[in-house]
Amino acid sequence: MGGASRLRWRGAFLISALFAMGAPALASADETLFFNGVVWTGDAARPRAEAVLTRDRRILYVGDNDEAARRASKEARRIDLRGRALLPGFVESHIHPAVAGLLISKLSVIGTRTIAEVQAALKSYAEAHPDEKVLFGFGFPSALNTQINKAGVKGPHREDLDKIVSDRPVMLIALDAHSAWLNSEALEVGGITKETPDPLPGVHYYQRDKKGDPTGWMVEGGAFWPLLPRFGVGSEEDFRAAFASILPRLSAMGITSVFDAGIPGGDSLVENALKALRAMEKDGKLPMRYHASLYLNDRARDGGEMAESILKMRRRYASDLIDIRTAKIPQDGTIEGETAALLTPYASGGAGAVLLEAKPLSRLLEAMMRASLDVHIHAIGDRASRVSLDAIAAARKNLSGSSRSQSLLTLAHAMLIAPEDLRRLKALDVTIQTTPHWAHDLSGTLALYSKLMDEERGARVMLLRDLWEAAPIVAFASDYPATGLPFLEAAPLYGIEIGMTRRAPGETEAAPLPPADQRMALERLLKGYTLQGARQLRLERVIGTIAPGKYADLIVLSRDIFREAPRRIHAIQVDMTMMGGRVVHRREGFGD
């Protein structure tokens, strides 16, 4: 490598490193040659290669070292991979970056286990931030939701927060992002009283004491996310700060495209987030492709009106890197919260409930399909999947021609799905999005599920291999921050390892989460995090594989993932991330 080329190489990486610290622009290069690598293309026409040549934003050549070198210009940056793996950029097909950015930039109580520990963290933060009008935080343990409080009902109580802060609203989101804990001042500001009706009784609700007064514990998103605007959370400025905090961290995980599976605080928050993203893109600071969605907060919302809202946002904000074309439907809750909708009851007697039964969901689907828009349905329980598939079948039957085929309909999570419904996925052309991170005994999941449900069903969750073989598209992602994991463990490489082993990262002795035959092969998992995610975002023609003509969305791993022991995959580092030919992440020391 000549002196001028070496200087240019280091200068480009310096710009990338400065960007990660808030510099004004991303690195850009006209031409880059990667050589001496283990290139997994994800492209059936050429699965493996040694070298990749990019020019401007696109991939110019994929093949052997000699030919790549012959085609490269004298000015090209030359990156000797030295046996490292080069992959397509990861596509996060279900994550909440906007919400996650808001949460991790505020009060963190992640790692707390008891009320006393939450109180201590709140006290410390409140004293350090006397000017914050609202104390908004994230990460209290979901285990607190099962305790019996002084009011004789389940869940944390407002008075435990009042003891620490009583003159400012306090709103804490649980680690699984499916419940919230508010103090008395927050309830007052939010307008939640004894007379306030539950958004969806028994599923999205305000826990109450024996007198009917709200205790401060709110179950499922419909109860608490719509309160954010009342607390002044979710302005365009908030989202600019949130994205500046979260997006470079995602780039460091090798993520080059995301699907934001919902900002559940109302349409105004979605628009504020899109404005913030457009401003970042204009300034050259948006390091990934970003596809947003519009979250259904009100079960009575008209499907045609919702479709028109999405189309208006798309006309205003869609760009080279930004799009919005999807309605997000939170069809049920979680198994641990007993709000996932089941075909047979929990041990406690309830069976959860769906947000929309088949007929109203079918009408909403038809409205989306007529507008050629997509739908992303959160369905954890087997009844939620059953009702959703029934609605999809009805909508496809009621529509014909292009309206039937142009919309992509996705079941997200499919954590517990009946065998007979697995067999319907291909015929109904339903995409599955799910989270390999959950395919291990996370915080005693197996024992808890076996306790909440019958033992046989409790031991048959996260059937990754069955889903892969049953659905036309299966895309993988973390669902952060609802993953219930520390942020760093939400990285795709963690999900890939867990999908292969069905064990906690690095674990070798514990039994795999049953059924053990649901362990996945490495290449399938890689495909689920690249090409299949691109298909879910309708970007498979331009990203998802390494092929000439596609955008240069590429990641360099610190080691050859194909020769690594499965239990060590989570420890592999992402040395470099390139999005559209621009270096958006470089690990310190790489390329020096």
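By the helix-only formula, in which each DSSP H run with n ≥ 4 contributes -39500 (n - 2.57) and the sum is divided by residues, the chain has a 222 nm mean residue ellipticity of -9500 deg cm²/dmol.
With all pairs of different C-alpha atoms in the average, the Kirkwood value for the hydrodynamic radius of segment 66-109 is 15.2 Å.
Sequence-distant contacts, meaning Cα pairs under 8 Å at least 6 residues apart, place the relative contact order of the chain at 17 percent. Ordering 35, 565, 521 by Cα displacement along the dipole of the chain toward the positive end leaves 35 in first place; charges were set at the Cβ atoms of Lys, Arg (+1) and Asp, Glu (-1). If you wrap the Cα atoms of segment 545-592 in a convex hull and average its projected area over all directions, you get 4.2 nm². Taking a cut-off of 17 Å, what percent of all Cα-Cα pairs in segment 453-592 are separated by more than that? Value for segment 453-592 (Cα pairs over 17 Å): 67 percent. Available extension along the chain between residue 127 and residue 108 is 5.4 nm, counting 0.36 nm per residue and deducting the alpha carbon span.
Over segment 428-473, the reciprocal of the mean inverse Cα-Cα separation, the Kirkwood hydrodynamic radius, stands at 11.8 Å. Fully extending the segment from residue 30 to residue 399 would add 128.1 nm, taking 0.36 nm per residue of separation and subtracting the current Cα-Cα distance. Taking one quarter of the surface of the convex hull spanned by the alpha-carbon atoms of the chain gives a direction-averaged projected area of 25.9 nm².
Around the Cα centre of segment 330-450, unit charges on the Cβ atoms of Lys, Arg, Asp and Glu (plus for the first two, minus for the last two) sum to a dipole of about 600 debye.
Dividing the Cα radius of gyration of segment 192-322 by its Kirkwood radius returns 1.05 for Rg/Rh. Compared with the dominant principal axis of the Cα atoms in the chain, helix 236-252 is inclined by about 50°. Based on Cα contacts under 8 Å between residues 6+ apart, segment 507-565 shows a relative contact order of 19 percent. With the highest mean first, a sort of the peptides 408-417, 333-342 on other beta-carbon atoms found within 10 angstrom per residue produces 408-417, 333-342.
Measuring between alpha carbons in the structure, the pairs from 163/211; 527/550; 74/282 lying more than 23 angstrom apart are 74/282. Computed about its Cα centre, the charge dipole of the chain is approximately 1560 debye, with only Lys, Arg, Asp and Glu carrying charge at their Cβ.
Highest-first packing order for the peptide set 474-486, 259-271, 64-76 is 474-486, 259-271, 64-76, based on the mean count of other beta carbon atoms within 10 Å. Here the peptides 579-591, 348-360 are ranked by packing, the mean other Cβ count within 10 Å, and the order with the highest first is 579-591, 348-360. Quick check: from the Cα gyration tensor, does segment 369-524 come out rounded (a/c under 1.5), prolate or oblate? Prolate.
Annotation: segment 272-429 has a Kirkwood hydrodynamic radius of 16.6 angstrom, from the mean reciprocal C-alpha pair distance.
The distance between label points at residue 209 and residue 120 comes to 2.7 nm (points 7 Å beyond Cα on the Cα→Cβ vector). For residue 94, the residues 5 or more places off, or on other chains, whose built amide H falls under 5 Å of its own are 259, 478, 479.
Take every DSSP beta bridge whose two residues both sit in the chain; close to 45 percent of them are antiparallel.
Once the Cα-Cα distance is subtracted from the 0.36 nm per residue extended length, the residue 347 to residue 510 segment shows a gain of 56.0 nm. Orientation-averaged projection of segment 278-359 equals 7.7 nm² [convex hull of Cα atoms, one quarter of hull surface area]. A Cβ-based charge dipole, computed about the Cα centre of segment 425-478 with Lys and Arg at +1 and Asp and Glu at -1, lands at about 80 debye. For segment 336-343, backbone phi angles converted through the Karplus equation (6.51, -1.76, 1.60; θ = phi - 60°) give residue-by-residue couplings of 5, x, 6, 10, 5, 7, 10, 6 Hz, Gly and Pro being listed as x.
In segment 253-376, taking the dipole from charged Cβ atoms about the Cα centre, the farthest positive-side position among 265, 327, 372 is held by 372.
Read the figures in this text as sums done on the coordinates, not as results from a lab. Quick caveat: nothing in here was measured; it's all calculated off a predicted structure. Using ideal geometry, Cβ is built from the backbone for each residue, glycine included, and neighbour counts are taken over all protein chains shown.
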